[in-house]
Amino acid sequence: MVEEKDLKDRLIELRKSTGMNRRQFCEYFEIPYMTVSDWEHGNRRVPSYFFRLLEYYVRTERLKKGDKNIEEK
């Protein structure tokens, strides 16, 4: 199981890899701003299944754009 701190840090990295700030990320994925803020600050746990879905979506969208620098984890 992924440690929560690791998952929190991975969420921040994932968001930054999209080039979006927190507000844009929340609007794009229709996630309440305070929810993402709490996840990134460690006040609440990021559900691992939800993170995996976000990660998959971002990776898939990069594939559609032809991004060859996709990190596989």
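Values in this text are rule-based calculations from the coordinates and carry no lab data. The structure presented is a predicted model; accordingly, all values stated were derived computationally and were not measured.
For the reader, a short list of remarks on this structure follows.
- Straightening the chain between Met34 and Leu53 buys 4.9 nm, computed as 0.36 nm per residue apart minus the Cα-Cα spacing.
- Cα gyration tensor category, rounded, prolate or oblate, for the stretch 1-62 with a/c compared to 1.5: oblate
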